[in-house]
Amino acid sequence: MKTHAVRPHSYVRIFIIAVSALAAVKSVTFAAEPAATYRGDSRRTGSDGKAGPASPNVLWVWKSTHHFIAAPVASQDHLFVSGLGGFNVPLLARLNVDPKAADRVAWIKTTPYLKLPAVSSPALHDGKLIFGDGMHQTDGAILHCLRADKGRMAWQYPIPGNLVHLEGSPTVSEGRVYLGGGAAGVICVDLNRIRLNDKEMEAAAIEKLLDAQWATLQAKYEEDKKKNPDFAVPPSEDDLPKPSPILAWQQGKDKWHVDAPVAVAGDRVLAASAFLEKEKVGDRALFCLNSKTGDIVWRAPLRVNPWGGPSLSGDLVVVGGSTIGYAPQQLKGARGAIAAYNLSDGKEKWKKDVPAGIVSCIALTKDLALATATDGKVRAFDLQTGERKWIYDAKTPFFAPVAVAGSVVYAGDLRGVVHAINLADGTAKWKLDLAAEPVKAPGMIYGGPVLHNGRLYVATCNLEGPNARQPTVVVCIGDK
């Protein structure tokens, strides 16, 4: 993901990325814990596999002053959203998804704990939220792990360096976390090996120790309030020791620029690196790495930057690309491409040029590759041959990827319109304009819609454009 500083009347390049995990190279299926993977599975479907809403029925709306750059992450009872507020203030929130919930917000994490912008979706794994911070105008970043139930810190992993930022979400697979770190290349840390005060300890023992120290800090605060309430300072997690996982390996440091999500398939890690024209750094290529060691297995050069990262289906790796990033002022003249490569050796199987930018990932079904583009079209290509099957024209540019389940494709455009499209032929099923009733909140959709338990979740962003600095929304659409 690539972003620029947020300033009035300047556009922002933001590349929404998240997480991906797989168990085997030859067989790609839904993961047991979909929220630990980018958009639900390595095919980037944005779905738990259950069919979505048949009509645009809005179940609830949560309004905010933060801008939701990344796609939401859904679990059984909660929705996790990362946002960006004024002065780049970060936000990570856990929302209750029950339409009848008395309190929509379960908890919110922001400053002072989060010190850098957080512009990606978290990975949800084993009751933990794992996410990185930083964006293009910041140097150095931290990989965070929070306990999903209360948002309390579990550990941190600092990654220093110029042009180092964790704009993409991590991939969790077989006890390891894989992620791109901008100029840090690709990083792999071991979830099962955590240090505290230079001593390796069990995660459960570390959590118990942190809980005890937190309780001590809280007790002292309560005592101080009784003695002198005007000067009592509430405790901060900065007052706690910072456990850190052990680095397993790092590849491409200061040579690549990996802002896109990596994907893991058995003993393979797929990473897409960009070349930054302004800084003249990076290597525009798709890399296949050994998941255990980080060694390069093969490299495939790319003609345009792969901001959305790789998608996997069986023995195929599909990557989209664009001459522009998330930059609305550069829409005119944008060009893109979509290509498929053999997972085994990186040889190109097919490639199609597109007269528009493809800045998001490609969603894959059994037979199709589904790509949104900056010319306002959703295109479906035959997964094996690259032959175009259909085009849906929304007449408004797309930055976000689609979500797909059953017989329907869901897409959100830059005018804040959600489109439900027939998977078979690309014809329209229904539309929901978030600027109109019942939502009445105009905004742009940057992060892809997400399907979970038959409901569709969409979040908006108003960093720039005609509705700049206006309220944003997280919307739940469902039949019940």
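The values are calculated or read from the model by the stated rules, or taken from the named source; none is laboratory data. Because the structure is predicted, anything quoted here is derived from the model rather than measured. Glycine gets a Cβ as well: all are built from the backbone with ideal geometry, and neighbour counts include every protein chain shown.
Would you be able to say whether some residue in the range 214-234 is polar (S, T, N, Q), more than 37 Å from the chain's Cα centre (by Cα) and surrounded by fewer than 16 Cβ atoms within 10 Å (Cβ to Cβ)? Reasoning before the result, please.
First, the residues of the range 214-234 that are polar (S, T, N, Q): 216, 218, 228.
Those left that are additionally more than 37 Å from the chain's Cα centre (by Cα): 228.
Subset that is surrounded by fewer than 16 Cβ atoms within 10 Å (Cβ to Cβ): 228.
Within the range 214-234, one or more residues are polar (S, T, N, Q), more than 37 Å from the chain's Cα centre (by Cα) and surrounded by fewer than 16 Cβ atoms within 10 Å (Cβ to Cβ).
Which of the residues spanning the range 358-377 are buried (at least 24 other Cβ atoms within 10 Å of the Cβ), farther than 12 Å from Gly321 by Cβ and in contact (Cβ under 8 Å) with a residue 60 or more places away in the chain?
Within the range 358-377, Ala363, Leu364 meet the criteria.
For the range 273-297, give me each residue that is of a type in the set (Ser, Thr, Tyr), closer than 30 Å to Ala363 by Cβ and part of a loop (DSSP other than H, G, I, E, B). Full working, then the answer.
Residues of the range 273-297 of a type in the set (Ser, Thr, Tyr): 273, 291, 293.
This time we only want the ones that are closer than 30 Å to Ala363 by Cβ, so: 273, 291.
If the condition is that a residue be of a type in the set (Ser, Thr, Tyr), closer than 30 Å to Ala363 by Cβ and part of a loop (DSSP other than H, G, I, E, B), then Ser291 is the only one that fits.
Scan the strands (runs of 3 or more DSSP E) fully inside the range 311-406 and keep the ones with 2 or more residues being under 28 Å from Trp298 (Cα atoms).
Values: elements: 316-322, 336-342, 348-354, 368-372, 377-382, 388-393, 403-405.
Counting at least 2 such residues, we get 316-322, 336-342, 348-354, 368-372, 377-382.
Only residues in the range 87-106 that are surrounded by fewer than 16 Cβ atoms within 10 Å (Cβ to Cβ) count as the first member; pair them with residues that are assigned to a loop (DSSP other than H, G, I, E, B) and among the acidic types (Asp, Glu), Cβ under 8 angstrom, at least 6 apart or cross-chain, and list the lot.
Every condition considered, the pairs that remain are Asp98/Asp77.
Considering each of Ala468, Ala441, Ala436, Ala420 in turn, give the residue that is in the same structural domain as Asp41 (by TED's automatic domain parsing) and either outside any loop (DSSP other than H, G, I, E, B) or aromatic (Phe, Trp, Tyr) (or both).
Details: Ala468 fails: either outside any loop (DSSP other than H, G, I, E, B) or aromatic (Phe, Trp, Tyr) (or both); Ala441 fails: either outside any loop (DSSP other than H, G, I, E, B) or aromatic (Phe, Trp, Tyr) (or both); Ala436 fails: either outside any loop (DSSP other than H, G, I, E, B) or aromatic (Phe, Trp, Tyr) (or both).
Of Ala468, Ala441, Ala436, Ala420, the one residue that is in the same structural domain as Asp41 (by TED's automatic domain parsing) and either outside any loop (DSSP other than H, G, I, E, B) or aromatic (Phe, Trp, Tyr) (or both) is Ala420.
Can you tell me how many residues in the range 141-164 are out of contact with any Lys or Arg (no Cβ under 9 Å at 6 or more places or on another chain), buried (at least 18 other Cβ atoms within 10 Å of the Cβ) and not in a strand (DSSP E or B)?
Qualifying residue count for the region: 1.
Checking the condition closer than 20 Å to Lys395 by Cβ and at pLDDT 95 or above, which residue from Gly416, Gly465 passes? Full working, then the answer.
Numbers: Gly465 fails: at pLDDT 95 or above.
When all the criteria are applied, what remains is Gly416.
Tell me which strands (runs of 3 or more DSSP E) are completely within the range 174-272 and hold 1 or more residues being without any contact (Cβ under 8 Å) to a residue 60 or more places away in the chain, or say none if there are none.
Values: elements: 176-180, 186-196, 199-201, 244-251, 263-265.
Strands (runs of 3 or more DSSP E) meeting the threshold: 186-196, 199-201, 244-251.
Filter the range 73-95 down to the residues that are out of contact with any Ser or Thr (no Cβ under 7 Å at 6 or more places or on another chain), under 21 Å from Phe399 (Cβ atoms) and not small (Gly, Ala, Ser) and list them by number.
Across the range 73-95, the qualifying residues are Leu79, Phe80, Val81, Leu84, Asn88.
In the range 150-198, how many are among the charged types (D, E, K, R), at pLDDT below 95 and more than 22 Å from Gln213 (Cβ to Cβ)?
Final tally of qualifying residues: 2.
How many residues are farther than 18 Å from Val58 by Cα, hydrophobic (A, V, I, L, M, F, W, C) and in contact (Cβ under 8 Å) with a residue 60 or more places away in the chain when one looks only at the range 378-431?
Selection size over the range 378-431: 7.
Residues to consider are Ala373, Ala405, Ala369, Ala400; find the one that is under 22 Å from the mean Cα position of the chain (by Cα), farther than 19 Å from Ala337 by Cβ and at pLDDT 95 or above. It would help to see each step written out before you state the result.
Numbers: Ala373 fails: farther than 19 Å from Ala337 by Cβ; Ala369 fails: farther than 19 Å from Ala337 by Cβ; Ala400 fails: farther than 19 Å from Ala337 by Cβ.
Among Ala373, Ala405, Ala369, Ala400, only Ala405 is under 22 Å from the mean Cα position of the chain (by Cα), farther than 19 Å from Ala337 by Cβ and at pLDDT 95 or above.
What's the number of the only condition in (1) modelled with pLDDT under 95; (2) within 22 Å of Asp77 (Cα to Cα) that Val473 fails to meet?
If we test Val473 against (1) modelled with pLDDT under 95; (2) within 22 Å of Asp77 (Cα to Cα), just (1) comes out false.
Give me the residue from the range 281-339 that is of a type in the set (D, E, K, R) and in contact with a Leu (Cβ under 9 Å, 6 or more places away or on another chain) and, out of that set, surrounded by the most Cβ atoms within 10 Å (Cβ to Cβ). If you could, list the steps in order and put the result at the bottom.
Residues of the range 281-339 that are of a type in the set (D, E, K, R), as a first pass: 283-284, 292, 295, 299, 303, 315, 332, 335.
Now restrict to residues that are in contact with a Leu (Cβ under 9 Å, 6 or more places away or on another chain): 284, 295, 299, 315.
On the way: Arg284: 18, Asp295: 11, Arg299: 14, Asp315: 15.
The selected residue is Arg284.
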